[in-house]
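So the structure is just underneath, and the comments pick up after that.
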Amino acid sequence: MFKVRDNEPDYALLNDPNSKVRNRYGTPIDTISESDELYGKSLNINGDAEVGENPNRYKQHGFFFTADNCIACHACEAACSEKNDNPAHIAFRSVGFVEGGTYPDYQRLNISMACNHCDDPVCLKGCPTRAYTKFAEYGAVLQDPDICFGCGYCTWVCPYNAPQLDPVKGQVSKCNMCVDRLEVGLKPACVSACLGKALDFGVIENIPEGREQARTEIPGFPTTDITHPNIRFQQTRTLQRDMVRVDSTALKYHRDDNEDKFKPVVDPKYGNKREWNLRKLRSREDPLVLFTLISQMVVGAFLLLFLGPMIGLEHLAPTAHSTTYTALLFGLLGIETYALYTSTMHLGKPQYFYRAFYNLRYSPVSREVASLAVFYNLLGLYTLLITFPFVLTDWIGLSTSFVDTIIHLTGWAAVIAGPVSLFFMHSIYRIKARPFWNHWQVLTSFYGNMLALGGLLVGYIYSCVLVIEGLETAAMINVLAWAILSGLLIEAYGLWRHAVDMKKQGGEGAASHYVQQTKFGKTYRARNIGLAISIVLSAGLFIGLPQAEIAMTVITLLAIVMLMTALVGRALFYVLVTPTTMPGAFFWHNKGFEEHARETGLADMPQVGVVPDSH
């Protein structure tokens, strides 16, 4: 057990003689009853089998932050990092701030934030490896870095930036509520170290001595609707109408007098000048750009290959051009293998990729991996069966009709599994903590790319083959152009509605769209022009061109424009998103400073707290 000092000061001791029955969200504060089989079990902290004697061991605890008292001394950060032996680039507790007004009426509101050990922890549900557990003891949400394989999905879904992905170790870790200290009646290290008595801790909904408020929100704190966090605030000073973030996030917080709360609105700190910033399209998620686009293209191409003969494309029948058909199937299998490889190597600890299947009940990542694995294996089985049917007929002795039935059923299963896997892929990005992604446009984009890129791949390869053989290409190009045009129009409509809805809803989504129109304004416009050109070219193919040579030239140009547009668009999708995280400081939790540190070499100094290679 944690060793308690003989001269431990009173302010470091837990003291909750009474508590309420339910919190303000209606959740019982008692986490379990005495009759529960988990009652009285050891947490086995550091292998110690003892059970703490804290009388409130099975009540939900939480932090209490008095914003008026915080002086941004960072003692809480230091105490937390020292206790948990964190490197300089990892902090379970962070102090950021927002500011308002001008001299001499300048105001600054400091915010100290760690994990809020929520009633509905989205990190727990989102984690594919089941590295998270919400314990009955103190209601603590704990995470095991040894189980984590470093996908970072919990850092996406958490609205408070609590889980910390360490690119050096390739794993996530987070605040553990100092349960070892709680077991012996001590408050967490950050609370005990606070100089201004801004931090306190105890059974949730208990207001500490000398405090009068127990608010659930302060300026800069995301909406509580997502997770029902276990933190309460006091902030009595009257603030300016607009409180601005000092990090690079294009957000500020505007006071709504009708609701007596601050709401996030766009802060046009980048002006209205359009820029390219092509280098900044690169991100840690580059492997996911390739993975998602390739997977969507492979699914679409297989759908057209399998269903094409049923809609009048005789050239796509397995017997019409058997060599091309099987070569394309093996090609699809090969590039999907590469896509899965890049996705796996994107993990912090790729050797544990199999843990992605651990949380099929809750995690959209687990469901995506499982469904894509089903499609991939069905695609592989179909490819082998249609290429080597004699193994079943000649070697095993099955009838030809029975083998044909097996091949047909396998193909239909893959046809169903492919779009299903893309639906689960899309569900990964429907995250409330990332409003720019939480829109149905993600689905139209993924299915639109399925039709457009899949049709492009099949159409280009088969057009080349037919031209070489001197055969008519018009009928096949016309049908495939319909698939391409449909996919492009679906994506274009989704993107248009997405832009309209983001500006309308405001907040982080509108901030992302503002950055899209300014810092990446020229790139965004080029993507839209590329999409428009692709629609025109595919419409030309759909109407019909007089000569095969002209059609092939158009298809080649279309392929170049579509691929570049898709890559740029998907890269923008990842770099533009503004999460509902807490405000950072000028040098800490500030993407702008992190980019500057890497460009200038400051990141080579460990004390700066920025990893030189962001993975």
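For the reader, a short list of remarks on this structure follows.
- Expressed to the nearest 5 percent, the antiparallel share of DSSP beta bridges inside the chain is 90 percent.
- For region 560-577, 3J(HN,Hα) per residue [Karplus equation, 6.51 cos²θ - 1.76 cosθ + 1.60, θ = phi - 60°, Hz, x = Gly/Pro]: 5, 5, 5, 5, 5, 5, 5, 5, 5, x, 6, 5, 4, 3, 7, 7, 7, 4
- Near G139, the amide H atoms lying under 5 Å from its own belong to H61; only residues 5 or more places off or on other chains count, and H is placed 1.01 Å from N.
- Residue pairs exceeding 30 angstrom between C-alpha atoms, taken from K169/K197; K349/K522; K134/K349; K59/K504; K83/K591: K169/K197; K349/K522; K59/K504.
- The simple Förster model, with R0 at 30 Å and r as the Cβ-Cβ distance, assigns K263 and Y106 a FRET efficiency of 0.85.
- Virtual paramagnetic centre 7 Å along Cα→Cβ of Y39, amide N under 14 Å, in region 56-76: 56-59
- In terms of surrounding Cβ atoms within a 10 Å radius of their Cβ, R24, R57 rank from fewest to most as R24, R57.
- Across region 489-503, coupling constants 3J(HN,Hα) worked out from phi with the 6.51/-1.76/1.60 Karplus curve, θ = phi - 60°, read 5, 4, 5, 4, 5, x, 5, 5, 5, 4, 4, 4, 5, 5, 5 Hz, and Gly and Pro carry x.
- Amide H contacts under 5 Å for N23, placed H, 5+ residues apart: I29
- Relative contact order (%) - the chain, alpha-carbon pairs under 8 angstrom, separation at least six: 17 percent
- Rounded if a/c under 1.5, otherwise prolate or oblate - region 278-575, Cα gyration tensor axes: oblate
- Modelled label positions at D48 and I468, each set 7 Å beyond Cα in the direction of Cβ, lie 7.3 nm from each other.
- Around the amide H of Q171, modelled in the peptide plane, lie the amide H atoms of D166, all under 5 Å away and 5 or more residues distant in sequence or on another chain.
- Extension reserve of the F402-T553 stretch, reckoned as 0.36 nm per residue once the Cα distance is removed: 50.0 nm
- Cβ-based charge dipole, region 454-549, positive-most Cα from Q516, I477, V465: Q516
- When the square roots of the Cα gyration tensor eigenvalues are ordered a ≥ b ≥ c, the ratio a/c for region 122-163 is 1.5 or more and a/b does not exceed b/c, which makes its shape oblate.
- Placing dummy labels 7 Å off each Cα toward the beta-carbon, the span from Y362 to E599 is 4.1 nm.
- Net charge dipole size for the chain [Lys, Arg +1 and Asp, Glu -1 on Cβ; Debye, nearest 20]: 1320 debye
- Taking other C-beta atoms within 10 Å as the exposure proxy, M605, M552 rank M605, M552 from fewest upward.
- Label zone of T393 (point 7 Å out along Cα→Cβ, amide N under 18 Å): in region 297-315 this covers no residue at all.
- Cα convex hull of the chain - mean projected area over all directions, nm²: 33.6 nm²
- From phi via Karplus (6.51, -1.76, 1.60), per-residue ³J(HN,Hα) for region 125-140 in Hz, x at Gly/Pro: 6, x, 5, x, 9, 6, 7, 9, 9, 9, 7, 5, 5, 6, x, 6
- Relative contact order computed over region 278-575 (Cα-Cα under 8 Å; 6+ residues apart), in percent: 23 percent
- Look at V575, V298, V21 and count the other Cβ atoms within 10 Å of each Cβ; fewest to most, that gives V21, V575, V298.
- Here region 270-414 is treated with +1 on each Lys and Arg Cβ and -1 on each Asp and Glu Cβ, and its dipole about the Cα centre works out to around 980 debye.
All of the numbers you see were taken from the coordinates with simple rules; none came from a lab. In this text the structure is predicted, and so the values were computed from the model without any measurement. Methodologically, a virtual Cβ is constructed for each residue, glycine included, from the backbone with ideal geometry; neighbour enumeration extends over all protein chains shown.
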